[in-house]
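Colleague: Just dropping this structure here.
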Amino acid sequence: MEKIANYINGKLVNPNSGQYIDNFSPVNGRVYSLTPNSGKRDVVAAFKAAKKAFSLWGQSTKQYRHDWMIKLADAIDDCEKELAKAESFDNGKPLWLAKTVDIPRCSANLRFFATAILHFDSKTHDMDGSALNYTLRPPIGVAGCISPWNLPLYLLTWKIAPAIAAGNTVVAKPSEITPYTAFLFSKICQKINFPKGVINIVHGHGDTAGHEIVKEADVVSFTGGTETGKIIASTVAKSFKKCSLELGGKNPTVVFADCDFDMSVKTAVKASFLNQGQICLCGSRIFVEKSIYKPFVKEFLKKTKKLTVGDPSKKNTDLGAVVSKQHLQQILSKIKDAKDNGGKIIIGGKALSLGGRISSGYYMAPTIIENTQYTDPINQEEVFGPVVTIMPFNSELEVVKMCNHTNYGLAASIFTNNLSRAHRVAAKIHFGLVWINTWLLRDLRIPFGGMRQSGLGREGGYHSLNFFTETKNVCLKIENNNNI
Ligand code: NDP
């Protein structure tokens, strides 16, 4: 059985304990590799390497860092097919999705921040000629980067790229559920002789390896669940280190009667079920204006029926496997609770047994639930699977209230052809990201992140570069010379 290795100081190394965790493929439910069960000693070794590397990398020129990052991006592109295949098998997502979204975004993340650092600037504050304040933005030190399983290498590189572009070094941990592409990424770094110690990857459980990384790091960037975010926030609070938290969501899709009907249905289906509904931005609460509620549900159901759940490697597969057996059971249990509360399943609601080589995989039918209240647990708690509720609303005022009735505040989509209404509603709902007549249209420069329990801080463009740098003001007094 293949053993995944940690990547520390430019070398692929085994965990100190010699212990491993089974790595299952959700595609067929079988263990196909072993993940290091790393502990404190592995994390300490990674930080030692990262601290040493920081003394050079942190002092290097922006151009030097840019050139290395572009080299790494090129090397990722060279391995695009292998990476996409591995991501699909490790996570269960359709291969076409890994090929068109996940893996291209890994190299795009590196290219974007490699270039952004060349354009990064800072302010000066002139005191009427008597002094000049200028702001320096030095790197912080060693960044701890922790990412979840839904977009494994995509999100890991989304953190590593701005951290190293700004001059930090990194100790990163992918989710132990989806470690494989981070391992391939380590091999790519090694192959191109990426400066040793700048990127270190330690595999293992969150509450052991992850917790040690959070304790050791000078700055922490985390994407994952809200409950984990609370634990991390309380750990970093003791040392006041900078921390960025991108957490869960319970995102509304709001459809007004004056929308472009066909486009809205099509986009709402995509927002519900892409990546098996396992994207933090997926719209899992669909609110439809009463006058078009029935035709909308009919068309939404028709389109959902056409979705193919199946072997992720097949071109016509719309939904692959959900990430793990445990996650599948959690999704099913949330559906059962919704039913117990009076929810009506109009399609799906069950796991699927597919035949052949994928017969033991974790497949789930896309599920639509009607007849729920916006206050029900199914409309409050994140399901993070191919499950949506649809509810009618009567007025703008009412739907704003329904949208905001959640502890989360990550993303929302509004469908309407009334420009003023679009603005009004976007302004009134408490979500960090609002799309109008679209979903998941991403510009890497925008402030990305959630309000309330969906997170703390913003990522993207200069927001990420600001986060991964200190802000230091230097005040230079200017002596008057009356002879000039
Ligand atoms: P988790 O919070 O369970 O895990 C995220 C990462 O944190 C994993 O690498 C995990 O390791 C690690 N971890 C767990 N406990 C600790 C700890 N005590 N200290 C340090 N690290 C720890 O999230 P999931 O992996 O289940 O991902 C799904 C969640 O991520 C959803 O809630 C989703 O909404 C959210 N998400 C948010 C996004 C955003 O941008 N806002 C984007 C994508 C997902 P391990 O898995 O090995 O235990």
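Colleague: Quick one: in region 49-93, of everything that is buried (at least 22 other Cβ atoms within 10 Å of the Cβ), within 21 Å of VAL322 (Cα to Cα) and among the charged types (D, E, K, R), which residue is farthest from the chain's Cα centre (by Cα)?
Modeller: Looking at the filtered set, the residue picked out is ASP90.
Colleague: Name the strands (runs of 3 or more DSSP E) wholly inside region 128-224 in which the number of residues that are near the ligand (Cβ under 9 Å from one of its atoms) is 1 or more.
Modeller: Working: elements: 131-136, 142-146, 169-173, 199-201, 219-223.
The strands (runs of 3 or more DSSP E) meeting that bar are 142-146, 169-173, 219-223.
Okay, residues lined up against (1) in a helix (DSSP H, G or I); (2) touching a His at 6+ places or on another chain (Cβ under 9 Å); (3) basic (Lys, Arg); (4) under 16 Å from VAL170 (Cβ atoms):
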site	(1), (2), (3), (4)
GLY18	no, no, no, no
VAL31	no, no, no, no
ALA53	yes, no, no, yes
LEU56	yes, no, no, yes
GLN63	yes, no, no, no
ILE70	yes, no, no, no
ALA86	yes, no, no, no
ASP90	yes, no, no, no
LYS93	no, no, yes, no
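Colleague: For region 441-473, which positions are more than 12 Å from the ligand (Cβ to nearest atom), farther than 20 Å from GLY167 by Cα and hydrophobic (A, V, I, L, M, F, W, C)?
Modeller: Passing the criteria: LEU441, ILE446.
Colleague: Please work out which one of (1) crowded, with 24+ Cβ neighbours inside 10 Å; (2) without any contact (Cβ under 8 Å) to a residue 12 or more places away in the chain; (3) of a type in the set (A, V, I, L, M, F, W, C) is the condition MET127 fails and give its number.
Modeller: (1)
Colleague: Would you check which residues across region 307-338 are surrounded by 16 or more Cβ atoms within 10 Å (Cβ to Cβ) and more than 25 Å from the chain's Cα centre (by Cα) and list them?
Modeller: Hit for region 307-338 is ALA338, nothing else.
Colleague: Next up: Taking region 298-346 only, how many residues are closer than 23 Å to LEU97 by Cα and part of a strand (DSSP E or B)?
Modeller: Count: 2.
Here, each number is a calculation from the coordinates, and none is a lab measurement. Model, not experiment: these values are computed from the prediction. Glycine also receives a Cβ, built like all others from the backbone with ideal geometry; neighbour counts cover every protein chain displayed.
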